[in-house]
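Remarks on the structure that follows.
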Amino acid sequence: MKEAGLPFPHTWSFPSLENVLGQHGVLSTLRFPLMIKSRYSHRGDVVDKVHNVEQLRALAGQWSHEPFILQEFAHGDGWDIKLWVIDQQSFAARRRTPLDANVPTEDFPIPREKLPSAWRSIALEIGRVFNLRLYGVDLIMAQQGPLIVDVNSFPGFRVVAGAEGALISLIERLVEERQVAV
């Protein structure tokens with residue numbers, strides 16, 4: 001993503017919290033606060049903000065043996081921008097950041113005609129860089145502009161209006177391509 005000039009906070013991937021907690025050289029270079037994210041994304045506690053090494057140690061009891069990501073914390077405007085792409089078709093919604101306590105988790109769809117071209121360009125470039133046809137991208141609006149905070153190569157589409165038709169079209173096209181190739 002860096003080589004493609006895509007905007008994202010500094011991000012590290014680790015095999016486990018035990019691993020990073022055992023590397024004092026790494027710990028001394030971290031600038032807090034940081035976001036910690038499970039690489040498995042299967043629970044409600046997937047994302048958390050940590051302010052110091054002691055908080056990382058406290059999380060080790062829950063996440064000690066699973067891979068995770070640490071990411072520089074960037075102040076946003078309180079909203080996550082959810083972008084879904086199905087074979088170059090973009091869908092978008094706003095959702096309150098999960099970092100704010102007691103906020104609704106509903107998505108507020110963004111009509112295609114109101115989707116900023118910069119956001120769409122970022123999402124499509126992610127697909128090109130990672131060779132994806134079906135994926136999700138999360139952005140936050142930081143002081144320096146939109147920042148990519150997550151890329152999901154297998155997102156859920158159940159809340160995305162119009163996704164069913166786009167998915168069916170993609171599947172039909174892939175079947176046709178395969179039949180022509182055979």
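For residues that are surrounded by fewer than 16 Cβ atoms within 10 Å (Cβ to Cβ) and farther than 19 Å from P7 by Cα, scanning just region 111-137, find the one that is farthest from the chain's Cα centre (by Cα). Among those that are surrounded by fewer than 16 Cβ atoms within 10 Å (Cβ to Cβ) and farther than 19 Å from P7 by Cα, it is E113. Given the structure, is H51 surrounded by fewer than 17 Cβ atoms within 10 Å (Cβ to Cβ) and touching a strand residue (DSSP E or B) at 6+ places or on another chain (Cβ under 9 Å)? Answer is yes for this residue. Among the hydrophobic types (A, V, I, L, M, F, W, C) and under 17 Å from the mean Cα position of the chain (by Cα): is that true of F108 in this structure? So F108 fails the test.
Quick note: the coordinates plus some simple rules give every number you see, no bench work behind them. Since the model is a prediction, treat every value here as computed from it, not as a measurement. With ideal geometry, Cβ positions are generated from the backbone for all residues, glycine too; neighbour counts draw on all protein chains shown.
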